[in-house]
1. Which of His13, His68 comes first, and how do the rest follow, when ranked by fewest Cβ neighbours within 10 Å?
2. Within 10 Å of each residue's Cβ, count the other Cβ atoms and sort Leu11, Leu61 from fewest upward.
3. Per residue of region 51-58, in order, report the coupling 6.51 cos²θ - 1.76 cosθ + 1.60 (Karplus, θ = phi - 60°) as ³J(HN,Hα) in whole Hz, putting x for Gly and Pro.
4. Among the lysines, which have Cα under 26 Å from the Cα of Lys62 when same-chain residues fewer than 8 positions away are ignored?
5. Give me, ordered by chain and number, the residues 5 or more places off Ile9 or on other chains with an amide H under 5 Å from its own placed amide H.
6. Could you give the nm distance between label points at Arg12 and Gln80, where each point is 7 Å from its Cα heading toward the beta carbon?
7. Quote to one decimal, in nm, the extra length available between Val73 and Arg25 on full extension: 0.36 nm per residue of separation minus the C-alpha distance between them.
8. Assign one of three labels to region 25-101, namely rounded, prolate or oblate, based on the Cα gyration tensor with a ≥ b ≥ c the square roots of its eigenvalues; rounded applies when a/c is under 1.5, prolate when it is not and a/b is larger than b/c, and oblate otherwise.
Amino acid sequence: MEAANTDEIQLRHVEKDVLIPKIMREKAKERCVEKVEAFNHCCKDSGFLMVFKCREQNAALKECLTIHYRDPVFFEQCKQEYIQEKLEFLRTGVAPKNRKQKLPTSM
């Protein structure tokens, strides 16, 4: 089977508007890990007052995430990753989440 050109793959509405943005959110959190950790730490330490005490950390986190969400290059990278996963699924019939799991060594 010949490798498909990822630029020729037609994506459904749900793929462009839901599935690829989900990948973007996950990867943006990885790229903003320091801001995520600072916000989480503040929330744990503040209890019910977190809404007031963690405004600065929340704003920094939102800013970091928004930069990535609005980046067309980042979207394209996530889109290509999604397409590669889709092509691999079509080729093997194994979903990406199942591919990453280890197989048992004995039954």
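1. Values: His13 7, His68 19.
Ordered from fewest to most neighbouring Cβ atoms within 10 Å, His13, His68 come out as His13, His68.
2. Ranking Leu11, Leu61 by Cβ neighbours within 10 Å, fewest first, gives Leu11, Leu61.
3. In residue order, the calculated couplings are 4, 8, 6, 10, 4, 5, 5, 5 Hz.
4. Within the straight-line limit of under 26 Å, Lys62 reaches these lysines: Lys16, Lys22, Lys27, Lys29, Lys35, Lys44, Lys53, Lys79.
5. none
6. 2.5 nm
7. Extra length from Val73 to Arg25 when fully extended: 15.8 nm.
8. oblate
Bear in mind these aren't lab numbers, they're just calculated from the coordinates by the rules spelled out. In this text the structure is predicted, and so the values were computed from the model without any measurement. Counting neighbours? That spans all protein chains shown, and the Cβs are built from the backbone with ideal geometry, glycine included.
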